[in-house]
Structures are given as structure tokens and as C-alpha cells.
Amino acid sequence: MIDSSTVTEPVVKLTAKDFQTDQDVRWCPGCGDYSILKQVHTILPQLGLKKEDLVFISGIGCSSRFPYYTDTFGMHSIHGRATAVASGLKATRPELSVWIVTGDGDALSIGGNHFIHLMRRNFDVNVLMFNNQIYGLTKGQYSPTSEVNKITKSTPYGSVDHPFNPIALALGSDATFVARSMDRDPAHLQQMLLQTWKHKGASFLEIYQNCNIYNDQAFELFTEKGTKKMNDLFMVEGQPLIFGNNDEMGIRLDGFTPQVVNLNDGFSKDDLMVHQPKDINKAMILSRLYEMNDSEHHFPKPFGVFYVKDRDTYEDVMNGQVEAALAKMGTGDLDKLLRGKETWTVV
């Protein structure tokens, strides 16, 4: 007779195909969601986890159909509340790898309050926010990240709302991992997904996702071959911030003020700002860099990891507190607690 306790479960090598489901993908042809789904399925086998140890939780929106298309445990929850559902799951099942899939409307409008509290509490979860700067599922209303003067069905004369900067919002909410990537750069997106997963704590990854039906070409400046090199700044830890068609442009700091310089005008790489993702002040500057553009200055859009910080997770602290209380007072009696000290016997 074989002792089951000595049997080692065989390691099954999974592939991206193992994470596909038999469901028909119902996104519009050409939607950026396809690329994101593909990159997630590509990196999942690299995590070395069983499918039953992975959970994808979504809210409402085009992106939130994600759990149907990924063969793991999952939940298509309610609008803006995927963060709350994921928090409860992580609190009770901390061993699971929990992923939240959301959009800019779901996360930052309806779910804005839950989002900021998830960040500050630092549950060990991974938030993938598909940002297409529009409400696509409801056929094209402006979202919390739409630019000012955005003309949509709900804003025929242009939006007057000032948009959220998701990276700055996450940093302001004390997130411990903040990064940005895009649907049209598969290699970079896979790299950011893996770094998102490796971080222990609330990881926020903003993904620029083209909605080719209701907000097409919103990010073409950063994705098209002819313009991306002059407008994209790919941040690498420990490396100077360089961009440009021939890597001739750089970012330097004059005090806390960023400046764009040309390395052909007497500046060297030693003059440039070095990317240090553990420096919150530099992360804050980079989060607003592109917004500093005006008629005289042209700043690129940063992609990569803005900020990383090691901090205790909510579930670790909570479970430690529970264990300390049990050690001090024992397991207790729930029925006795509910009865309280004052009871009556009715005869």
C-alpha cells in the first residue's frame, strides 16, 4: 500500500493554450483587449502555478469579460466592486494569486473609492487597468480619463471634466507598485505583467488599450512607428532617462524641475536623471511629466515601473493580529459571545 503523504504530485508543464477557454471571445474585431489577453496567457505558464491557484476577478465593462476567456477560477462581479470582492478573497485565501481586471470607468469612476482604499491597504493583488479613455461597452461616453473637450455622445460640445491621471492617483493612494504599458508592445507588456506579479503587495498596472470603435487612435502618438520614439520614454532601473529617434534626447533635473535636453548640445548621459523606482519624489515627477508639455517644452510619456516599495500586506498584518489574539485569549466561544452577559430564560 502506498502512503499518500509521501507521493509527490507530478509537475504539469502548462502552456498558454492551457489557459484558453472554449468561450467565443466577444470583443470587437481589432480591439486592444485581444493583445492583452494574449500576453496574459503567455506569461501565466511562467508563474509555475496551478490553474486552481489563480483567480481573475473583474467588474463591468468590455475588459471585464476577461474571466470568461481565461481557464482559471474567476468572477465577473459588479460595477466598480471587483477590488472589494478581491480584497475579501485575499483576506481569507492569502495563498491564491488574485488578479483584478478593470477599465478606466470601472476602476476610477464607479469604483474609485474602492480603488484608492485597495491601494493604501496593500493587499497582495495585481490590478490590470485597461485604459481606453472611453466607456466602450455602453457605446462611447466620456470616461474619467478622457481628455478635456472630448466630444462623445454624452458630451456633444466637449467634456469639461479634468481627467484623472491614473499613475498619479495610484501614487497618491500609497500603492506599492505602479507601472504603465500598452497593448501594442507585447514584449514590454509581458515584462510588466511579470513584474506586477512578482511584487508582493498591491500592484497597479495601467495598460493603454485602443478602442478602435469608440476612441480609435487615442494612443497612436505612442504606438505608431513614425512618432513613438520621440514620444515614448521607456524607464529602466539604474539607467539614465533617454529617448528620441537616435537616443539623442534625455531628461535632466534642475532641482525638482525636469528639463528635456539634446545630447548633441553639450550634454552627456552623466547629466541625465537616473531612473530610481524606489524614489517616491522622482516617481511623482515622472507621473506628471507628459502633462508639463506646453508650446516651449515637449516631454515624452513614461512607460515602465514608476515606483516600488516594500511594505507589509494587509492580509499578513491582519492574520498576524488574529494569531496574536488567539494565542492570548484562545479560540473563544461564538455562541457565548452572541448571547452576551445578559440573558433571560422565558418560562
Cα-based helix-to-principal-axis angle, 33-43 vs the chain, degrees rounded to 10: 60 degrees
For the chain, take the longest principal axis of its alpha carbons; what is the angle in degrees between that and the long axis of helix 314-329, to the nearest 10 within 0 to 90? 30 degrees
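Work out, step by step, the length gained on full extension between residue 212 and residue 324: first 0.36 nm times the residue separation, then minus their alpha carbon distance; give nm to one decimal.
My answer for the length gained is 35.0 nm.
Counting residues in region 201-347 as N, plug N into 2.2 N^0.38 Å and put the Cα Rg over that result.
Working it through for region 201-347, the quotient is 1.80.
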Among 100, 129, 43, which residue has its Cα furthest toward the positive end of the charge dipole of region 1-143, with +1 on Lys/Arg Cβ and -1 on Asp/Glu Cβ? 129
When the dipole is taken about the Cα centre of region 123-212, and only Lys, Arg (+1) and Asp, Glu (-1) are charged at their Cβ, what size is it in debye, to the nearest 20? 180 debye
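Accessible area per residue for region 211-331 in Å², computed with a 1.4 Å probe and the full protein assembly in place, what is it? Before the final figure, lay out each step's value.
Details: 7200 Å² over 121 residues.
Ligands and nucleic acids excluded, the figure is 60 Å² per residue.
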Could you report region 12-99's accessible area per residue, 1.4 Å probe, as an integer in Å²? 47 Å²
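Could you provide, to the nearest whole Å², the per residue accessible area of region 163-206 with probe 1.4 Å? Display every interim value, and only then the final one.
Numbers: 1300 Å² over 44 residues.
Per-residue value: 30 Å².
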For residue 75, enumerate residues with amide H under 5 Å from its amide H, sequence gap 5+ or separate chain, H modeled in the peptide plane. 56, 57, 58
To the nearest 10 degrees, the tilt of helix 112-121 (Cα long axis) against the first principal axis of the alpha carbons of the chain is 70 degrees
Bin by bin, in steps of 5 Å, what percent of the Cα pairs in region 1-131 do you find, going until the bin that has the longest distance? 2, 10, 20, 21, 18, 13, 7, 4, 3, 2, 1, 0
Please report, as a whole percent, how much of the solvent-accessible surface of the chain comes from carbon and sulfur atoms (probe radius 1.4 Å). 53 percent
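What ranking, highest mean first, results for peptides 125-135, 256-266, 275-285 when packing means the other Cβ atoms within 10 Å averaged over each residue? Display every interim value, and only then the final one.
Numbers: 125-135: 26.3, 256-266: 12.8, 275-285: 17.3.
With the highest mean Cβ count within 10 Å placed first, the list reads 125-135, 275-285, 256-266.
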Reachable aspartates and glutamates from residue 225, Cα under 20 Å, same-chain residues fewer than 8 places away excluded? 183, 185, 216, 247, 248
List the lysines whose alpha-carbon lies under 22 Å from that of residue 269, not counting same-chain residues fewer than 8 positions away? 228, 229, 278, 282, 301
Read-out Cα extents along the principal axes in Å, derived from the coordinates shown; its label in [x] 99, 44, 41; [y] 94, 89, 56; [z] 90, 57, 45: [z]
Dipole magnitude of the chain about its Cα centre (Cβ charges: Lys, Arg +1; Asp, Glu -1), debye to nearest 20: 600 debye
Going toward the positive end of the dipole of the chain, with +1 on Lys and Arg Cβ and -1 on Asp and Glu Cβ, which of 23, 160, 222 do you reach last? 23
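Using mean Cβ contacts within 10 Å as the protection proxy, how do 332-342, 49-59 order, highest first?
49-59, 332-342
The values are calculated or read from the model by the stated rules, or taken from the named source; none is laboratory data. Predicted, not measured: the structure shown is a model, and the values here were computed from it. Every residue, glycine as well, gets a Cβ built from its backbone with ideal geometry; the counts of neighbours run over all protein chains shown. The area values use the complete protein model at the heavy-atom level, side chains included, leaving out ligands, DNA and RNA. Shrake-Rupley method; radii C 1.70, N 1.55, O 1.52, S 1.80 Å.
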